[in-house]
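Shown next, in structure tokens, is the structure this report addresses.
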Amino acid sequence: MCGSADQAAVLQTGDGPPGALSFYYGHPDPTAFPLAELLTAAESALQHHTPASLLYGPEQGPPLLLDILCCKLRQDEGLPLTPENLFITAGASQGLDLICRLWARPGDAVLVEAPSYHEAIALLQDYPVQLVAVELDQEGLNVGALDEAISRLRSQQTRIAFLYTIPSFQNPSGVTMSPARRLAVAALAREEQLWIVEDDVYRDLCYEGSVPPSLYEMMEGQGVLRLGSFSKTLAPGLRLGWIVAGPVSVSRLASSGLRRSAGGANPFTAYVVAEFSRAGCLEPHVARLVRLYRARRDAMLEALQTAMPPGVTWTRPQGGFFVWLTLPQSVSARAVLTAAKARGMSFPSGAPFFATGGGEHNIRLPFSYITPPDIARGMDILGQAIRATSA
Ligand SMILES: Cc1ncc(COP(=O)(O)O)c(C=O)c1O
């Protein structure tokens, strides 16, 4: 089928030699896409929701999907939501872009974690804002550093548009912000009247324990815009996500020029996902993904344990797609990348994940779309490359 050739092309494009093992992307596994169920859902969308699914839709998104999401979030997290709290986007990226357009003014500061999701950094850099990095440790955002950054910016009369944080199974670090840190961040944000953009796209992919309550929940919906997405649990090509926010923020998003001109985001895929969910397919599909990705996370941790030389450390994510590796201070990630590429393996080194410098000794390793044997092979090569670079 042409799908498999396309798939191979997508997964092999790291920047490495042809046939190289690419640990480059944060992709879901395309072999896990629920094709038959999506086909049935697409038929239902066309049969039962035309012309609505093929017209410009309501700016906020189709009421059917808003209701479904509302029920899901109430059921999963006990959030007291109504459809007025939800806004459909063409993925979390488009949600962040729209928020930035509406919430930030030229010259504002945007606080980001160090490290943070590199493509969100790139997106924010499209705007005339100043990115200010706040360090992260094993428990998530360093609240003291956050407090200092806010005080410094305020003393310079710099307006802060918002804090962009990925508290659960962070990309790239795999770190989850602890409940205590979340409480402290929420308290500081309340005190400082700081808007928070909470990117929670990995929340449903939890492999152990449970995900702490969101910042949105801790702040009772005040001053938080929370991004969700079907990219990680269904398929990124659907380009569908949502924002959970207060009704005033939702009205602001829905009355943006973008939505007024374009109508709702992706009405057709919104109906496809609504029908997929109405058919009872979403929960069992996510449960299957959790089993698949948990096994891969375990394979990655085991392979690292076997292959890494002394002095290398890594995170142990409880969910999401990524492990974050730290090399000894004497070893540069770029040099390791060159040595790894020569041996047929590539990965993103840490620098692009830092808005204002850093990451020279870090490597992001996804485990989501790579099979356990390839994970073992890749980590073996990486171990050799680190040893060769350290020698
Ligand atoms: C933290 C984070 N936010 C957002 C996205 C992009 O989400 P979407 O495909 O919904 O735009 C990604 C994808 O890698 C991500 O890791």
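Quick notes on this one:
- Hits in the stretch 100-123 (condition: more than 12 Å from the ligand (Cβ to nearest atom) and either aliphatic (A, V, I, L, M) or within 14 Å of the chain's Cα centre (by Cα) (or both)): Leu102, Ala104, Ala109, Val110, Leu111, Ala114
- Residue match in the stretch 199-206 (condition: closer than 15 Å to Gln138 by Cβ and either assigned to a loop (DSSP other than H, G, I, E, B) or polar (S, T, N, Q) (or both)): no
- Scanning the stretch 16-37 finds no residues that are within 25 Å of the chain's Cα centre (by Cα), part of a loop (DSSP other than H, G, I, E, B), at pLDDT below 95 and loosely packed, with under 12 Cβ neighbours inside 10 Å.
- Of all the numbered requirements in (1) within 16 Å of the ligand (Cβ to nearest atom); (2) without any contact (Cβ under 8 Å) to a residue 40 or more places away in the chain, Asn171 misses one, and that requirement is (2).
- Checking each residue in the stretch 185-202 for being in contact (Cβ under 8 Å) with a residue 60 or more places away in the chain, within 16 Å of the ligand (Cβ to nearest atom) and in contact with a Phe, Trp or Tyr (Cβ under 8 Å, 6 or more places away or on another chain) picks out Val197, Asp199, Tyr202.
- The residue that is farthest from the ligand (Cβ to nearest atom), among those in the stretch 87-98 that are over 18 Å from Tyr202 (Cβ atoms) and crowded, with 24+ Cβ neighbours inside 10 Å, is Phe87.
Quick grid of which residues meet (1) touching a Leu at 6+ places or on another chain (Cβ under 6 Å); (2) in contact (Cβ under 8 Å) with a residue 12 or more places away in the chain; (3) among the β-branched types (Val, Ile, Thr):
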position: Ser214; (1), (2), (3): no, yes, no
position: Thr269; (1), (2), (3): yes, yes, yes
position: Val273; (1), (2), (3): yes, yes, yes
position: Gly280; (1), (2), (3): no, no, no
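- Ser368 vs. criteria more than 22 Å from Cys206 (Cβ to Cβ), among the polar types (S, T, N, Q) and in contact (Cβ under 8 Å) with a residue 24 or more places away in the chain: no
- Some residue of the stretch 207-215 being surrounded by 22 or more Cβ atoms within 10 Å (Cβ to Cβ), in a loop (DSSP other than H, G, I, E, B) and at positive phi: no
- Condition broken by Pro352, with the remaining ones in (1) touching a Ser or Thr at 6+ places or on another chain (Cβ under 7 Å); (2) assigned to a helix (DSSP H, G or I) satisfied: (1)
- Of all residues in the stretch 53-86 being away from the ligand (no atom under 16 Å from the Cβ) and of a type in the set (A, V, I, L, M), the one that is farthest from Gly264 (Cα to Cα): Leu79
- With respect to the stated conditions, Tyr164 fails to be in a helix (DSSP H, G or I) and within 16 Å of the ligand (Cβ to nearest atom).
- In the stretch 131-150, the residues that are touching a Ser or Thr at 6+ places or on another chain (Cβ under 9 Å) and among the charged types (D, E, K, R): Glu139
- Flag if Pro317 is modelled with pLDDT of 95 or more and either assigned to a loop (DSSP other than H, G, I, E, B) or polar (S, T, N, Q) (or both): yes
- Flag if Leu146 is closer than 25 Å to Gly358 by Cα, at pLDDT 95 or above and not charged (D, E, K, R): yes
- Within the stretch 314-331, not a single residue is within 23 Å of the chain's Cα centre (by Cα) and over 24 Å from Asp137 (Cβ atoms).
The values are calculated or read from the model by the stated rules, or taken from the named source; none is laboratory data. Because the structure is predicted, anything quoted here is derived from the model rather than measured. Quick reminder, even Gly has a Cβ in these numbers, built from the backbone with ideal geometry, and neighbours come from all protein chains shown.
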